[in-house]
Number of protein chains: 2
Amino acid sequence: MEVEFYQWLKANVRQSDQVLLGIGDDAAILAVGSDTGMVVTTDTLTDGVDFLVDEASPQAIGHKALGVNLSDLAALAAKPQAAVVSLVLPREGNKALSALELAIGIYEGLLPLAKEFDVAIAGGDTNTWDGPLVISVTAIGKTTTNGPLIRSGARAGDAILVTGKLGGSILGKHLAVQPRCLEALLLNERYDLHAGIDISDGLSLDVSRLAEASGCGVALDLKLVPIAEAAIKRSARSGRDAIDHALSDGEDFELILAAPPNSAAQILADQPTEVGITQVGHCVAEPGLWQTHNDELKPLKPRGYLH
Amino acid sequence: MEVEFYQWLKANVRQSDQVLLGIGDDAAILAVGSDTGMVVTTDTLTDGVDFLVDEASPQAIGHKALGVNLSDLAALAAKPQAAVVSLVLPREGNKALSALELAIGIYEGLLPLAKEFDVAIAGGDTNTWDGPLVISVTAIGKTTTNGPLIRSGARAGDAILVTGKLGGSILGKHLAVQPRCLEALLLNERYDLHAGIDISDGLSLDVSRLAEASGCGVALDLKLVPIAEAAIKRSARSGRDAIDHALSDGEDFELILAAPPNSAAQILADQPTEVGITQVGHCVAEPGLWQTHNDELKPLKPRGYLH
């Protein structure tokens with residue numbers, strides 16, 4: 001239903017000159033009347049969907065709740081500034097912890113991440129109810145003088161790069177999100193980049209969104225996709241190929257970047273970030289998602305997590 | 001548990017020079033490096049606590065979700081600018097409507113309010129799950145050149161003013177919130193005001209918070225408290241005095257303002273807003289909440305909605 005609702009939203013939410021980039025990207029950019037834009041993003045996590053309150057620690061849940069929002073800021077190469085946190089706590093807590101202990105545990109998880117990325121926790125809202133745990137975080141950042149990185153800037157011929165390794169995040173990385181904020185800021189400062197998105201729903205699905213927003217296509221070379229150890233482990237249990245997990249598992253919270261060939265070659269040679277950067281394909285004129293196969297393009301079906 | 005958690009937060013969330021006003025007021029103020037501050041507030045509404053999804057229309061729920069956030073901006077005399085909206089929808093909808101119909105209905109309620117107050121809906125997040133409906137809205141505004149109105153500015157001798165009439169909001173006003181944004185902006189522009197807060201949990205409780213934040217006390221003259229028709233109706237059914245409802249019902253979403261005596265007298269004489277403004281008491285040096293009684297002060301117990 002998310003796709004239909006999104007279409008309804010696009011048709012019914014009016015444009016505003018206060019919003020430089022609105023619904024449809026990882027985050028919105030607001031005009032603030034200075035030389036930088038203010039970037040806002042919000043993500044809500046719920047028990048049973050994004051975590052299991054009786055299995056994950058509240059610290060891990062808190063870390064994830066802030067982390068996924070910082071990953072959205074990273075997708076726009078925005079510098080994190082502040083966040084507000086809304087908690088809806090089960091009145092009686094979970095199996096092991098009271099509501100108060102859950103709330104404090106969640107903050108014990110998100111505060112170190114906030115400190116690491118210099119995010120001020122500016123406020124929030126705390127509620128209790130008879131339902132499961134819900135955490136909603138809104139993060140605010142600033143674009144830098146190099147401007148934001150948006151989904152729609154890719155062009156045919158651009159290289160498609162990814163940070164890190166992909167797949168199998170359900171084995172742990174989906175909770176222990178490492179938002180690529182510093183990497184995005186550094187790459188956006190030093191190199192010419194055309195577009196960016198973070199991998200929340202799977203490489204193949206998210207790269208398709210970048211291509212669609214940019215009015216081009218993307219051809220992936222499946223041999224080049226960096227496969228995480230966790231994807232290989234998952235593959236052993238699932239019976240599916242590891243590359244399949246890397247393409248579609250989602251919640252990698254790595255970055256997909258489109259960069260012109262010269263710039264991409266420089267990035268790949270420099271490897272300027274701690275996390276590795278890999279070229280996985282390139283943009284093509286023909287819309288859609290493709291895989292390169294013996295110098296030909298074959299259609300590739302985008303798969304991943306649809307809300 | 002909210003009080004204990006708030007104490008933990010105050011002790012554990014580090015200060016930041018990026019946050020001019022942090023946890024503890026109706027909204028936070030962020031430094032944006034220009035002549036105005038950016039004001040951020042977030043409120044999450046849940047089925048069964050803030051509305052009943054099978055009784056209220058989704059339009060009314062959407063209106064309330066944005067309205068309570070705008071009321072927080074009004075409390076700081078901030079000009080609304082944008083909002084992001086997170087929905088967590090019951091997968092199967094409610095008794096009458098599908099998840100998609102609920103989502104659209106919620107927006108049909110909040111979009112007209114957004115238009116009325118020139119609030120750009122900048123983005124959001126939409127999820128479905130097996131739990132009840134949750135709506136989390138974060139609203140962003142700007143302080144004006146007259147500065148924000150905060151809780152802590154009241155001084156002994158100030159008059160305590162309220163907008164509108166109080167009590168009985170459960171009969172309808174709690175959904176049909178009329179955020180006092182324009183009133184707050186106009187009053188803050190034309191008159192000298194010292195402090196402000198909105199009534200979300202009840203006059204007696206919220207005015208006590210203003211007093212405590214300001215390091216003074218407040219004496220209410222119960223004869224002066226403007227009682228809503230709805231409070232009288234509620235009184236007939238509850239057997240409690242109507243003034244009791246006006247003092248403690250909560251969700252009036254009216255403003256409490258502290259103003260120096262001359263300024264208050266001018267406001268009361270001018271009545272510059274469509275909604276009436278009434279003096280209900282004054283600030284005193286002795287901390288706590290009091291009622292004036294034959295020129296003496298008697299303690300008054302703050303009562304209202306504690307989360």
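Taking the options A:ALA78, A:ALA65, name whichever one is more than 11 Å from chain B (Cβ to nearest Cβ), more than 21 Å from A:LEU149 (Cβ to Cβ) and of a type outside the set (Lys, Arg).
A:ALA65
Could you say whether any residue in segment B:91-104 is free of Cβ contacts under 8 Å to residues at least 12 places away in the same chain, of a type in the set (A, V, I, L, M, F, W, C) and in contact with an Asp or Glu (Cβ under 7 Å, 6 or more places away or on another chain)?
yes
Of the residues that make up segment B:24-31, is at least one assigned by TED's automatic domain parsing to the domain that holds B:PHE117, in a loop (DSSP other than H, G, I, E, B), of a type in the set (A, V, I, L, M, F, W, C) and over 22 Å from the mean Cα position of the chain (by Cα)?
Yes, that holds for at least one residue.
Those residues that are in contact with a Leu (Cβ under 7 Å, 6 or more places away or on another chain) and either at positive phi or open to solvent by 20 Å² or more (accessible area, probe 1.4 Å) (or both), I need them from segment B:165-192; list them, please.
Correct list: B:ARG180, B:GLU183.
Given the structure, is B:GLY93 within 11 Å of chain A (Cβ to nearest Cβ), in contact with a helix residue (DSSP H, G or I) (Cβ under 9 Å, 6 or more places away or on another chain), open to solvent by 10 Å² or more (accessible area, probe 1.4 Å) and over 25 Å from A:GLY141 (Cα atoms)?
Working: within 11 Å of chain A (Cβ to nearest Cβ): yes; in contact with a helix residue (DSSP H, G or I) (Cβ under 9 Å, 6 or more places away or on another chain): yes; open to solvent by 10 Å² or more (accessible area, probe 1.4 Å): yes; over 25 Å from A:GLY141 (Cα atoms): yes.
Yes; evaluated as a whole, the condition is true for this residue.
Of all residues in segment A:148-197, which are aliphatic (A, V, I, L, M), in contact with a Ser or Thr (Cβ under 9 Å, 6 or more places away or on another chain) and part of a strand (DSSP E or B)?
Passing the criteria: A:ALA159, A:LEU161, A:VAL162, A:ALA195.
Pick out the one residue from A:THR145, A:THR138 that is part of a strand (DSSP E or B) and out of contact with any Cys (no Cβ under 8 Å at 6 or more places or on another chain).
On inspection, the qualifying residue turns out to be A:THR138.
For segment B:152-210, give me each residue that is charged (D, E, K, R), under 11 Å from B:LEU255 (Cα atoms) and in contact with a helix residue (DSSP H, G or I) (Cβ under 6 Å, 6 or more places away or on another chain).
Once the filter is applied, which keeps residues that are charged (D, E, K, R), under 11 Å from B:LEU255 (Cα atoms) and in contact with a helix residue (DSSP H, G or I) (Cβ under 6 Å, 6 or more places away or on another chain), segment B:152-210 yields B:ARG180, B:ASP198.
Considering only segment A:7-19, I want to know if a residue exists there that is within 11 Å of another protein chain (Cβ to nearest Cβ), of a type in the set (D, E, K, R) and open to solvent by less than 50 Å² (accessible area, probe 1.4 Å).
Looking for residues that are within 11 Å of another protein chain (Cβ to nearest Cβ), of a type in the set (D, E, K, R) and open to solvent by less than 50 Å² (accessible area, probe 1.4 Å), one finds none in segment A:7-19, hence no.
Show me the helices (runs of 4 or more DSSP H) entirely contained within segment A:208-289 in which 1 or more residues are over 27 Å from A:LEU186 (Cα atoms) and open to solvent by less than 20 Å² (accessible area, probe 1.4 Å). Spell out the reasoning first.
Details: elements: A:229-238, A:242-248, A:261-270.
Because the criterion is at least 1 residues that are over 27 Å from A:LEU186 (Cα atoms) and open to solvent by less than 20 Å² (accessible area, probe 1.4 Å), the helices (runs of 4 or more DSSP H) in segment A:208-289 that meet it are A:229-238, A:242-248.
How many residues are facing another protein chain (nearest Cβ under 7 Å) and open to solvent by 10 Å² or more (accessible area, probe 1.4 Å) when one looks only at segment A:81-90?
Initially, segment A:81-90 is screened for residues facing another protein chain (nearest Cβ under 7 Å), giving A:81-82, A:84, A:86, A:88.
Filter once more, so that each one left must be open to solvent by 10 Å² or more (accessible area, probe 1.4 Å): none.
Count: 0.
Mind telling me which of the residues B:ASN146, B:ASN127 ends up being within 13 Å of chain A (Cβ to nearest Cβ) and over 15 Å from the mean Cα position of the chain (by Cα)?
So the residue among B:ASN146, B:ASN127 that is within 13 Å of chain A (Cβ to nearest Cβ) and over 15 Å from the mean Cα position of the chain (by Cα) is B:ASN127.
Please give the number of the condition B:LEU268 fails out of (1) free of Cβ contacts under 8 Å to residues at least 40 places away in the same chain; (2) under 16 Å from B:GLY164 (Cα atoms).
(1)
Taking the conditions exactly as written (open to solvent by 10 Å² or more (accessible area, probe 1.4 Å), outside any strand (DSSP E or B) and not acidic (Asp, Glu)), does A:ASN69 satisfy them or not?
Judged against the criteria, A:ASN69 is not a match.
When residues of segment A:96-112 are filtered for being open to solvent by 20 Å² or more (accessible area, probe 1.4 Å), closer than 30 Å to B:ASP47 by Cα and in a helix (DSSP H, G or I), how many remain?
Result for segment A:96-112: 5.
Of the residues A:ILE121, A:ILE135, only one is at pLDDT below 95 and farther than 30 Å from A:ASP192 by Cβ; which? Even if it seems obvious, please write down each step before you answer.
On the way: A:ILE135 fails: at pLDDT below 95.
Going through A:ILE121, A:ILE135 in turn, just one is at pLDDT below 95 and farther than 30 Å from A:ASP192 by Cβ: A:ILE121.
Based on this model, can you work out whether B:LYS115 counts as over 19 Å from A:TYR6 (Cα atoms), open to solvent by 10 Å² or more (accessible area, probe 1.4 Å) and more than 10 Å from chain A (Cβ to nearest Cβ)?
No, not satisfied.
Checking A:VAL49 against (1) open to solvent by 10 Å² or more (accessible area, probe 1.4 Å); (2) under 22 Å from B:SER16 (Cα atoms); (3) within 7 Å of chain B (Cβ to nearest Cβ), only one condition comes out false. Which one?
Answer for A:VAL49: the failing condition is (2).
The values are calculated or read from the model by the stated rules, or taken from the named source; none is laboratory data. Since we're looking at a predicted model, the values are computed, not measured. Note: ideal-geometry Cβ built from the backbone for every residue, glycine included; neighbour counts use all protein chains shown. Ligands, DNA and RNA are stripped out before the accessible areas are found, and what is left, the full protein with its side chains, is counted by its heavy atoms. Shrake-Rupley method; radii C 1.70, N 1.55, O 1.52, S 1.80 Å.
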